[in-house]
1. Does Leu108 satisfy the criteria of being touching a Pro at 6+ places or on another chain (Cβ under 9 Å), under 20 Å from Met140 (Cα atoms) and open to solvent by 10 Å² or more (accessible area, probe 1.4 Å)?
2. Within region 257-300, which residues are in a loop (DSSP other than H, G, I, E, B) and either on the phi > 0 side of the Ramachandran plot or among the small types (Gly, Ala, Ser) (or both)?
3. Can you name every residue in region 282-300 that is open to solvent by less than 90 Å² (accessible area, probe 1.4 Å) and within 14 Å of Tyr245 (Cβ to Cβ)?
4. Pick from region 245-271 the residues that are modelled with pLDDT under 95 and within 19 Å of Lys293 (Cβ to Cβ): which of them is least open to solvent (accessible area, probe 1.4 Å)?
5. In region 50-80, what count of residues is obtained for those that are aromatic (Phe, Trp, Tyr) and either over 29 Å from the mean Cα position of the chain (by Cα) or under 20 Å from Asn102 (Cβ atoms) (or both)?
6. Just checking, how many residues over region 131-140 are open to solvent by 30 Å² or more (accessible area, probe 1.4 Å) and in a helix (DSSP H, G or I)?
7. Would you tally the residues in region 113-127 being assigned to a strand (DSSP E or B) and of a type outside the set (Phe, Trp, Tyr)?
Amino acid sequence: MAEYELEDDMIPVFLINGFLEAGKTQFLQFTMSQDYFQTDGKTLLIVCEEGENEYDEALLKRTRTTVVYVEDQEQLTPEYLTELELLNNPERVLLEWNGMWNQDELKLPKDWTIYQQVTILDGSTLNLYIANMKPLLGAMLRNSELVICNRCDDVSDEMLTSYRRTIRAMCQNGQLVLEDKEGEIQQEMLEEDLPYDIHADVIQIQPKDFGIWYFDCMDVPERYLGKMVEFTGMVLKSPDLPKNYFVPGRMAMTCCEADMTFIGYVCKAREARLLETKQWVHVKAKVAYEYWKDYGDKGPVLYAESVELAEEIREYVQF
């Protein structure tokens, strides 16, 4: 977790979420013991579920931390949280969230702000939650700055690749760390596992493989730099883009139909000024990696060789 500076009179909230027994308490205790996370003021720790691990009393005393347990989500109102603030006068708040509560329903007092959000996942059981509780998982991941998927020792490379793709779809701006008992797993999709020929003169991206290409192109840029790709996508135009740029992409379902997002990369094309949002086009383009303000860093930028109108693809990209 990052160091922080207080701004005005706002109270920073460090929100740690994840399902039961994922390791939230261990993560918080480790963080609270680190030198960089120490503070002169008081800390309020709100625990929304009790797992097998308990907080060390000596650590709580040393860090001037008061623990409050909340058993019912309905109790967690802005008014109740304001009462806790008045009683404890904290400099910061640590919130250990209950993974079975929908985080979208969390309401904070006006002078509280979520400064950092971290999600802790258990790799040995994550497939069950993806299959059965995707909306809850999506709400937890959506605004996370860091996602730690631990206990991946007995998880196959194929499943790790699936985890990585699903998590990145739900948490596009966060950092993902996969861990086993030895520490962080340096893992990426192998070339031989890709569903298209990465060494072809023109890499053909089939509609069902668009999501795989989108994230692999972002994660492993050296595979695609200077190569030609071909795919079908929907046009997105924006007043913020130069007239000769547009974004060809697809609508992706990250957890359910109510949680859709558009994914695609900016593309420079002579045909761009003639296109309209929601048209469908077949794009053949060379991949470059350049700084782009909307990315906030370097990222894929496509230079189109050809852009032709195409038939609509009705299926959503799914992960």
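The values are calculated or read from the model by the stated rules, or taken from the named source; none is laboratory data. Please read these numbers as outputs of a predicted model, since none were measured by experiment. Ideal geometry is used to build each Cβ from the backbone, glycine not excepted, and the neighbour counts take in all protein chains shown. We work out accessible area using only protein heavy atoms, side chains counted, and drop any ligands, DNA or RNA first. Shrake-Rupley method; radii C 1.70, N 1.55, O 1.52, S 1.80 Å.
1. The answer is yes for Leu108.
2. Ala258, Ala269, Lys278, Gly296
3. Passing the criteria: Val283, Ala285, Ala288, Glu290, Trp292, Tyr295, Gly299, Pro300.
4. Among those residues, the one meeting the criterion is Ile263.
5. Residues flagged as aromatic (Phe, Trp, Tyr) and either over 29 Å from the mean Cα position of the chain (by Cα) or under 20 Å from Asn102 (Cβ atoms) (or both) within region 50-80 amount to 2.
6. Final tally of qualifying residues: 5.
7. 9
For every residue, the table says whether it meets (1) open to solvent by less than 20 Å² (accessible area, probe 1.4 Å); (2) modelled with pLDDT of 90 or more; (3) within 21 Å of the chain's Cα centre (by Cα).
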{"position": "Ile185", "(1), (2), (3)": "no, no, yes"}
{"position": "Glu191", "(1), (2), (3)": "no, no, no"}
{"position": "Leu194", "(1), (2), (3)": "yes, no, no"}
{"position": "Asp201", "(1), (2), (3)": "no, yes, no"}
{"position": "Lys208", "(1), (2), (3)": "no, yes, no"}
{"position": "Tyr214", "(1), (2), (3)": "yes, yes, yes"}
{"position": "Val220", "(1), (2), (3)": "yes, no, yes"}
